[in-house]
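Structure, as structure tokens:
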Amino acid sequence: MTRITLDALLSSKLHELGEAAELCDPAGNVLGRFVPALDPTQWEPVTPEATQEELARREQSADWYTTEEVLARLRRPERA
């Protein structure tokens, strides 16, 4: 991979981005896309952790599936 060193101004602009951006030349032609590196320490889980009661309820459930059953289900085409 080729490495390009940016000037301080462009580097500063890219560090401020929180999402992907298109990089264009002065004529508006897209040269490429920039996707900022993510720092996982800045993110929180999307769902709350399960309570002890919820974990116990799940453990008592009769609905258990093997890894093979789950993978087979995921490979099946969706049915309308």
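The numbers here are math on the coordinates, done by the rules we state, and not lab data. On a predicted model such as this, the values are computed, not experimentally measured, just so you know. As a convention, Cβ positions derive from the backbone with ideal geometry for all residues, glycine included, and neighbour counts pool all protein chains shown.
Key figures for this structure:
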quantity: Low-density loop cleavage sites - trypsin sites (Lys or Arg not before Pro) in the chain, where at most 11 other Cβ are within 10 Å (DSSP); calculated: Arg3, Arg79
quantity: Normalised contact order of the chain, rounded percent, pairs of Cα under 8 Å and 6 or more residues apart; calculated: 15 percent
quantity: Per residue Cα convex hull volume in Å³ - calculated over the chain; calculated: 256 Å³
quantity: Backbone HN-Hα couplings from phi across region 30-45 [Karplus 6.51/-1.76/1.60, Hz, Gly and Pro as x]; calculated: 6, 8, x, 10, 10, 10, x, 5, 9, 9, x, 6, 8, 10, 10, x
quantity: Helical contribution to [θ] at 222 nm, DSSP H n ≥ 4, -39,500 (n - 2.57), averaged over the chain, rounded to 500; calculated: -9000 deg cm²/dmol
